[in-house]
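What follows is a short report on a single structure.
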């Protein structure tokens, strides 16, 4: 797969939040915090619990990237 220079630049450039995206980030954060509290409450201390909370953190980063419309790369950039 070949990336264009503009795609690479877009992937590694900071995209400041807009008022609209800030609201979306806050909504996602609130929902994931509630889910993290639930995981913490329902599970015993374990490696699986640590992994579950880490995966929620990873999910937040992926969701934030999806929200950031300026950082969304067109599907053509990922075509083989």
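Worth a mention:
- Test: residue 66 is at pLDDT below 90, part of a helix (DSSP H, G or I) and exposed (fewer than 13 other Cβ atoms within 10 Å of the Cβ): yes
- Residue ID - surrounded by the most Cβ atoms within 10 Å (Cβ to Cβ), chosen from residues in segment 1-41 that are over 21 Å from residue 57 (Cβ atoms) and touching a helix residue (DSSP H, G or I) at 6+ places or on another chain (Cβ under 7 Å): 10
- Test for residue 44: is it at pLDDT 85 or above, surrounded by fewer than 12 Cβ atoms within 10 Å (Cβ to Cβ) and either in a loop (DSSP other than H, G, I, E, B) or in contact with a strand residue (DSSP E or B) (Cβ under 6 Å, 6 or more places away or on another chain) (or both): yes
- Whenever a residue of segment 1-15 is closer than 12 Å to residue 65 by Cβ, its partners that are assigned to a helix (DSSP H, G or I), lying with C-beta atoms within less than 8 angstrom and at least six residues away or across chains, give the pairs 10/70; 10/71; 11/71; 15/70; 15/71.
The values are calculated or read from the model by the stated rules, or taken from the named source; none is laboratory data. Note that the structure is a prediction, hence the values are computed from the model and not measured. So basically every Cβ, Gly included, is an ideal-geometry build from the backbone, and we count neighbours across all protein chains shown.
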